[in-house]
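Engineer: Pasting a structure here, questions to come.
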Amino acid sequence: MSYTVVDGSGLPVWPVDDYLCHLSAKRRSPNTVRGYAHDLADYFCWLEQSDREFARVTLEQLGEFFEWLRRPRRARQRDVFVLPSVESALETSTLVRKRAALAGFYRFHARRDPRIPALLGDPVGIRPTGGYVPMLVHTRRGRVDAQAYSPITLRPTRKRVMTLAVDEVVRLKASCRSARDRFLIVLLVESGLRVGEALGLRHRDLRPRAGEVLVVGRESNVNGARVKGLKDRTVPIGTAVLDAYGDYMESEYGLIDSDYVFVNLFRGVIGAPMTAESVKDLAARLRRDAGIGHFSPHVARHTYATRLLRAGVPIEVVAELLGHAHVQTTKDTYSHLEVEDHRRVLIAAGVLDGAVA
């Protein structure tokens, strides 16, 4: 699957098209390519309104673009003034993603043409760009966060992750109309797999005797499912998952001839791999039938991770089981647990009253 951005005449915007092809060649996930395509479409819309060329934009002008993004969509027009009191139309996390898209876009073109500046990051990705470089920056290990030294910095406000209570998981399973859907819910809650990882599973990836499931970063799946970063890992699973899998195989899968675990049973091409769109429809129905408005497959993943951390599993192990590339990602996502768990330890130690006014 590929994406492109077209202009008002229906012709591809070549700087964007080249960059998106580059991302696909680097095997970036289709979701990332699609998101960056939308972000760059916004950018070139702004360039057209501003009568600017992408290769001659300055950092100060780029700041105007982010102010433009914060406007309600209907106000993103020429000669429209928006009062400072108007709330931003986009979450900071969305603006951060758009900044990342532009940074990568400019780094890509700066490598190809020295006349184009790498506005939001150094072309080689090691040192920050701009006139100011902190003292002894060369002594830092690893990559330097170029955003920290850029005139355009966006720090997302981290939201408290949503999880499922034990009784809510029971209600979700009871609301499933098939053994397949029930197995999917149990798998997500008990293994923390992403939806794309679950939909890409083959039967050989489930190892009942070993009590584990293999998450395999295959190059492509016919249903578009994908393991993030194509990084393989092994996740231990318990009897709840294996029992739900056995029930699904015996009661519904039958004689279907497919390597994929999750397949269409009731509509579409019977036996074809289940798609993310089907899971989206299932999640919407379960939110309604179970009365759990915050449910999503990713909430099931958060539930798994939270349960492990609360049980005292080292965060490095949790990061590996979730397939996070960096432990810091896990720490940042679940940082809210620290205060709650510290309170629990203090109460147990008798140095803090359990009653909170």
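The values are calculated or read from the model by the stated rules, or taken from the named source; none is laboratory data. Since we're looking at a predicted model, the values are computed, not measured. Positions of Cβ are generated from backbone atoms using ideal geometry, with glycine treated the same way; all protein chains shown enter the neighbour counts.
Engineer: Would you confirm, using the coordinates I've provided, whether Phe105 is at pLDDT below 90 and either assigned by TED's automatic domain parsing to the domain that holds Leu119 or within 21 Å of Val16 (Cβ to Cβ) (or both)?
Structural biologist: no
Engineer: Return a yes/no flag: does the stretch 242-255 have any residue that is within 28 Å of Arg27 (Cα to Cα) and either surrounded by 15 or more Cβ atoms within 10 Å (Cβ to Cβ) or touching a helix residue (DSSP H, G or I) at 6+ places or on another chain (Cβ under 7 Å) (or both). Write out each step before concluding.
Structural biologist: From the stretch 242-255, those within 28 Å of Arg27 (Cα to Cα) are none; that's our starting set.
Scanning the stretch 242-255 turns up no residue that is within 28 Å of Arg27 (Cα to Cα) and either surrounded by 15 or more Cβ atoms within 10 Å (Cβ to Cβ) or touching a helix residue (DSSP H, G or I) at 6+ places or on another chain (Cβ under 7 Å) (or both).
Engineer: A follow-up question, please. Of the residues Glu316, Glu338, which is at pLDDT below 90, outside the structural domain of Arg171 (by TED's automatic domain parsing) and surrounded by fewer than 14 Cβ atoms within 10 Å (Cβ to Cβ)?
Structural biologist: When all the criteria are applied, what remains is Glu338.
Engineer: Additional query: With among the β-branched types (Val, Ile, Thr), in a helix (DSSP H, G or I), surrounded by 12 or more Cβ atoms within 10 Å (Cβ to Cβ) and out of contact with any Gly (no Cβ under 7 Å at 6 or more places or on another chain) as the only criterion, which of Thr4, Thr32 stands out?
Structural biologist: Going through Thr4, Thr32 in turn, just one is among the β-branched types (Val, Ile, Thr), in a helix (DSSP H, G or I), surrounded by 12 or more Cβ atoms within 10 Å (Cβ to Cβ) and out of contact with any Gly (no Cβ under 7 Å at 6 or more places or on another chain): Thr32.
Engineer: Oh, and also: Can you say whether Leu214 is in contact with a strand residue (DSSP E or B) (Cβ under 9 Å, 6 or more places away or on another chain) and either in contact (Cβ under 8 Å) with a residue 24 or more places away in the chain or within 21 Å of Asn31 (Cα to Cα) (or both), as far as the supplied structure shows?
Structural biologist: Considered against the rule, which asks whether it is in contact with a strand residue (DSSP E or B) (Cβ under 9 Å, 6 or more places away or on another chain) and either in contact (Cβ under 8 Å) with a residue 24 or more places away in the chain or within 21 Å of Asn31 (Cα to Cα) (or both), Leu214 comes out as no.
Engineer: Could I ask something else about it? Check Arg73, Arg34, Arg78 and return the single one that is under 22 Å from the mean Cα position of the chain (by Cα) and basic (Lys, Arg).
Structural biologist: Checking each option against the conditions leaves just Arg34.
Engineer: Is at least one residue of the stretch 258-275 surrounded by fewer than 19 Cβ atoms within 10 Å (Cβ to Cβ), in a helix (DSSP H, G or I) and not basic (Lys, Arg)?
Structural biologist: no
Engineer: Listed residues Leu352, Leu322, Leu286; which is of a type outside the set (D, E, K, R), more than 20 Å from the chain's Cα centre (by Cα), surrounded by 13 or more Cβ atoms within 10 Å (Cβ to Cβ) and not assigned by TED's automatic domain parsing to the domain that holds Val195? Walk me through it before giving the result.
Structural biologist: On the way: Leu322 fails: more than 20 Å from the chain's Cα centre (by Cα); Leu286 fails: not assigned by TED's automatic domain parsing to the domain that holds Val195.
The unique qualifying residue is Leu352.
Engineer: Which fully enclosed helices (runs of 4 or more DSSP H) of the stretch 162-213 have 3 or more residues being over 19 Å from Asp247 (Cβ atoms) and within 23 Å of the chain's Cα centre (by Cα)?
Structural biologist: 195-199
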